[in-house]
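This report concerns only the one structure given below.
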Amino acid sequence: MKVLVTGGCGYIGSHTVRALTAAGHHVVVLDSLVTGHRVALDERVPLIVGDLCDPKLLDDLFASEKFDAVVHFAAFIEVGESVTNPLKFYDNNVSNTINLLRAMQTHGVLKMVFSSTCAVFGTPDTMPLVETLPCNPASPYARAKYAVEWALEDSSTAWNLGYTALRYFNASGAASDGTIGEDHDPESHLIPIVLQVALGQREHVKIFGTDYDTPDGTCLRDYIHVEDLAAAHVAALEALEPGDKRVYNTGTGHGASVREIIDISRSVTGHPIPAIEAPRRPGDVPKLYADSSKIQRELGWSPEYTDLREIIASAWRWHESHPTGYNDKRK
Ligand code: UFG
């Protein structure tokens, strides 16, 4: 298939571009490079540097390239920033997605795989999370993602768009060959922060909250390897038909605590990784892990990386060999 990948220079996007290309799809990437990294993309993959806020660019692009489908990653991801600057998120993550959908409608492109998030569930009462649980997104980031899910559903009803929303859990790890990985600026995610401590770039990691109702008092998350997420996109794309309305929780089904992540990272890196206990981070929920049986059943996808040690080892290979990331954005 000929596929437009928005945000293909980002963390999950760049790994998915590789997986799509390896599966024989012809990929064109559209990325503003505001947060993405040009070097995360193979030079042979066509890159259009541009923004989804530009309807003319989208119209020209869809007129000149006959895409079969769109895989849509481009979005801001900082939950904390979304609380202080919500309109930035509604603008980029919702309005710009509407621009993209309008171009797809105009040019008859009827398939989209969309990056959604398990954060749409909010603070659920039951775990693991199944797709049928009520959604109650708690941050502007999550609400914006959920708003797009509604826009996709309504578009499917009105003009036969086929979509798959993948509700990611915690993307982690790096490419198995160590050449691409996670590089956010600023970094807020647990595993990269822990590994920056191991590299001597931070003195310690703060454990945000040790009094949660969990076995060791710290939050449980479902850490899924980024290559497994990438493979889920390929499976989703290949199964998608116009008019489909599909939503899948995309995780491993296993919840790991903050303390477990730190302990495994100590063992993987051989570094003591000092940790200090800190207050809860606003907006965090105690537990989030997936019931991913629906995607396993319907798409035949299942995660290859089931051992957290391997996930963290792959992240460590990337961070050790790229201690300042891609090194293309630092002042
Ligand atoms: N944490 C720490 N110390 C840190 C960083 C994180 O204790 O320095 C804790 C957090 O409090 C949380 C856990 O580690 O309990 C994981 O935090 P991350 O920031 O790595 O990931 P989140 O679960 O908060 O968020 C991620 C993505 C979001 C997505 C969300 C869905 O960043 O985009 O998963 O759960 F919406």
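Read-outs throughout are calculated quantities, based only on the coordinates presented, and are distinct from any laboratory measurement. Everything quoted here is computed from the prediction, not taken from an experiment. Note that we place each Cβ from the backbone using ideal geometry, even for glycine, and neighbour counts take in every protein chain shown.
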Check your understanding: Can you find even one residue in segment 65-74 that is in contact with a Pro (Cβ under 7 Å, 6 or more places away or on another chain) and closer than 17 Å to V120 by Cα?
Key -> no
Check your understanding: Is it fair to say A235 is in contact (Cβ under 8 Å) with a residue 40 or more places away in the chain, more than 14 Å from the ligand (Cβ to nearest atom), surrounded by 15 or more Cβ atoms within 10 Å (Cβ to Cβ) and not basic (K, R)?
Key -> yes
Check your understanding: Where residues in segment 281-302 are in contact with a strand residue (DSSP E or B) (Cβ under 8 Å, 6 or more places away or on another chain) and small (G, A, S), which of them is farthest from the ligand (Cβ to nearest atom)?
Key -> S292
Point to revise | Flag for G251 being within 12 Å of the ligand (Cβ to nearest atom), small (G, A, S) and either in contact (Cβ under 8 Å) with a residue 60 or more places away in the chain or crowded, with 18+ Cβ neighbours inside 10 Å (or both) | key: yes
Point to revise | Qualifying positions in segment 28-79 - within 16 Å of the ligand (Cβ to nearest atom) and among the hydroxyl-bearing types (S, T, Y) | key: T35
Exercise for review: Kindly list, by first and then second residue, each pair from a residue in segment 155-170 that is over 23 Å from Y141 (Cβ atoms) and of a type outside the set (A, V, I, L, M) to a residue that is more than 16 Å from the ligand (Cβ to nearest atom) and part of a helix (DSSP H, G or I), limited to pairs with Cβ atoms under 6 Å and residues at least 6 apart or on different chains.
Suggested key: W159/Q105
Check your understanding: Of the residues that sit in segment 208-232 and are outside any loop (DSSP other than H, G, I, E, B) and of a type in the set (V, I, T), which one is farthest from the ligand (Cβ to nearest atom)?
Key -> V226
Review point. Between residues in segment 136-152 that are over 11 Å from I98 (Cβ atoms) and touching a residue at least 60 places away in the same chain (Cβ under 8 Å) and residues that are more than 11 Å from the ligand (Cβ to nearest atom) and hydroxyl-bearing (S, T, Y), which pairs lie under 8 Å by C-beta distance while being six or more apart or on different chains?
Key: A138/T123; A144/Y90
Review point. A119 passes all but one of (1) among the small types (G, A, S); (2) in contact with a strand residue (DSSP E or B) (Cβ under 7 Å, 6 or more places away or on another chain); (3) within 14 Å of the ligand (Cβ to nearest atom); which number fails?
Key: (2)
Check your understanding: When you look at Y141, is it in a strand (DSSP E or B) and either over 21 Å from L57 (Cα atoms) or within 16 Å of the ligand (Cβ to nearest atom) (or both), yes or no?
Key -> no
**Study point:** Residue pairs meeting the criteria (Cβ under 8 Å; at least 6 apart or on separate chains; first polar (S, T, N, Q), in segment 196-207; second within 12 Å of the ligand (Cβ to nearest atom))
**Key:** Q196/E187; Q196/R202
Exercise for review: Scan segment 274-296 and report the pairs whose first residue is under 13 Å from G255 (Cβ atoms) and whose second residue is of a type in the set (S, T, N, Q) and near the ligand (Cβ under 10 Å from one of its atoms), with Cβ atoms within less than 6 Å and a gap of 6+ or a chain change.
Suggested key: P286/T214
**Study point:** Where T126 falls short, out of the listed (1) under 20 Å from I77 (Cβ atoms); (2) without any contact (Cβ under 8 Å) to a residue 24 or more places away in the chain; (3) not in a helix (DSSP H, G or I)
**Key:** (1)
